[in-house]
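Asks: Here it is, the structure, as structure tokens.
The values are calculated or read from the model by the stated rules, or taken from the named source; none is laboratory data. What you are looking at is a predicted structure, and each value in this text was computed from that prediction instead of being measured. With ideal geometry, Cβ positions are generated from the backbone for all residues, glycine too; neighbour counts draw on all protein chains shown.
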Amino acid sequence: MKVGFIGLGHMGTGMAANLLRAGHEVTVHNRTPGRSQALVEQGARDAAQVADACRGDAVITMLADDDAVESVVLGGKGVIDSLGTGATHVSMSTISVALSERLAAAHAKAGQRLVAAPVFGRPDVAAAAQLFIVAAGAPEDIDACGPLFTALGQRTFAVGSEPQAANLVKLSGNFLLASVIEALGEAMALVGKAGIDRRQYLDLLTSTLFTAPVYRTYGGLIAEQKFEPAGFAAPLGHKDIRLTLAAGERLRVPMPLASLLHDRFLALLAQGGEALDWSGIGRLAAKDAGQVDRLW
Ligand SMILES: NC(=O)c1ccc[n+]([C@@H]2O[C@H](COP(=O)([O-])OP(=O)(O)OC[C@H]3O[C@@H](n4cnc5c(N)ncnc54)[C@H](OP(=O)(O)O)[C@@H]3O)[C@@H](O)[C@H]2O)c1
């Protein structure tokens, strides 16, 4: 397919490379210039402006947050202004349910299609084309994106015909991930303060009742206290919990655990954790327990 790709961050760079590898004709754009060099060497065309990435069958956005998507899509000379009639915006960032609804309305008004397709998987998973894609939109539009999703991920789950359904599912998943990270941090602080080896403890967990990848990945980061370099940065984790709470508020769903996680992320950011991985909240319990003086 002829596709534009906007947002060459931790996730987007590997994803755009996989589209090229699968034989798609890819035009890339990033707000900060200079991020596209390696992709251009692999055959991508570099677009200086958002509009230049919107000339194909579809344009993918993989941007940080609501503000970024709002300015790139709804702003002047953005995606809405530039995408052709009948072409598709594939919105893969983790954004709010409310913004996804606004995007759907704006694209419909402009005669364009919207598929929301946020993903599960960290940058290494994205680079290996092994993402899990959660898609929502008109079934025929999701089907038309099939060749793109095949190039990017290992499996696509269609969760509804309203694009925002995919954003809600994605946020609920990140809420669960953050809950596991917090719980692992507390459990490891408990056994660690008693002098039990954290790595051995993790081996016990992941060899018995806690075999899921999430325990292995985040348990490993917490056991090793390895929160840099960030694969998924702490401010983005904070953003996802904020958006989860906003979705809960709109639907009148109290989420006390999400409220607690919101404060945990605030504590992490307040104590200088901006550049850390979001699993850095897994060290807060050790600090509260007096095991470490500072977060880093
Ligand atoms: N990392 C993960 O493990 C992971 C996993 C699943 C989903 N996600 C989601 O995927 C999305 C991207 O994550 P990431 O880790 O790739 O983030 P990232 O490395 O921080 O990259 C963010 C991208 O957004 C662009 N951007 C930020 N603000 C902008 C603005 N106002 N206008 C235009 N462009 C802007 C950045 O451009 P510049 O280069 O100019 O800053 C960059 O291309 C996020 O929604 C995240 O929640 C991430």
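Asks: Criterion first (without any contact (Cβ under 8 Å) to a residue 40 or more places away in the chain and over 21 Å from L236 (Cα atoms)) does H107 satisfy it?
Replies: When the stated conditions are applied, H107 passes them.
Asks: May I ask you to say which residue of L19, L63 is of a type outside the set (V, I, T), more than 11 Å from the ligand (Cβ to nearest atom) and modelled with pLDDT of 95 or more?
Replies: Details: L63 fails: more than 11 Å from the ligand (Cβ to nearest atom).
After applying the criteria, what remains is L19.
Asks: Taking T206, is it β-branched (V, I, T) and either under 21 Å from the mean Cα position of the chain (by Cα) or closer than 19 Å to T61 by Cα (or both)?
Replies: Numbers: β-branched (V, I, T): yes; either under 21 Å from the mean Cα position of the chain (by Cα) or closer than 19 Å to T61 by Cα (or both): no.
No; evaluated as a whole, the condition is false for this residue.
Asks: Of the numbered conditions (1) part of a loop (DSSP other than H, G, I, E, B); (2) under 16 Å from L19 (Cβ atoms), L63 satisfies every one except a single condition; which is it?
Replies: The failed condition is (2).
Asks: Within the bounds of segment 104-124, is there any residue that is of a type in the set (D, E) and within 15 Å of the ligand (Cβ to nearest atom)?
Replies: Yes, segment 104-124 contains at least one residue that is of a type in the set (D, E) and within 15 Å of the ligand (Cβ to nearest atom).
Asks: When you check A51 against the structure, is it outside any loop (DSSP other than H, G, I, E, B), over 27 Å from P235 (Cα atoms), more than 10 Å from the ligand (Cβ to nearest atom) and not polar (S, T, N, Q), yes or no?
Replies: yes
Asks: Using beta carbons and a limit of 8 Å, which pairs, at least six apart or on different chains, have the first residue in segment 34-62 and free of Cβ contacts under 8 Å to residues at least 40 places away in the same chain and the second one of a type in the set (V, I, T) and surrounded by fewer than 21 Cβ atoms within 10 Å (Cβ to Cβ)?
Replies: D46/V40
Asks: Please pick out the residue among G231, G237 that is touching a Pro at 6+ places or on another chain (Cβ under 6 Å), within 16 Å of T94 (Cβ to Cβ), touching a residue at least 60 places away in the same chain (Cβ under 8 Å) and within 13 Å of the ligand (Cβ to nearest atom).
Replies: Working: G237 fails: touching a Pro at 6+ places or on another chain (Cβ under 6 Å).
Checking each option against the conditions leaves just G231.
Asks: Working carefully through the options H89, H29, find the one that is of a type outside the set (A, V, I, L, M), within 27 Å of P235 (Cβ to Cβ), more than 14 Å from the ligand (Cβ to nearest atom) and modelled with pLDDT of 95 or more.
Replies: Checking each option against the conditions leaves just H89.
Asks: Is there a residue being within 25 Å of L251 (Cβ to Cβ) and hydroxyl-bearing (S, T, Y) anywhere in segment 138-150?
Replies: no
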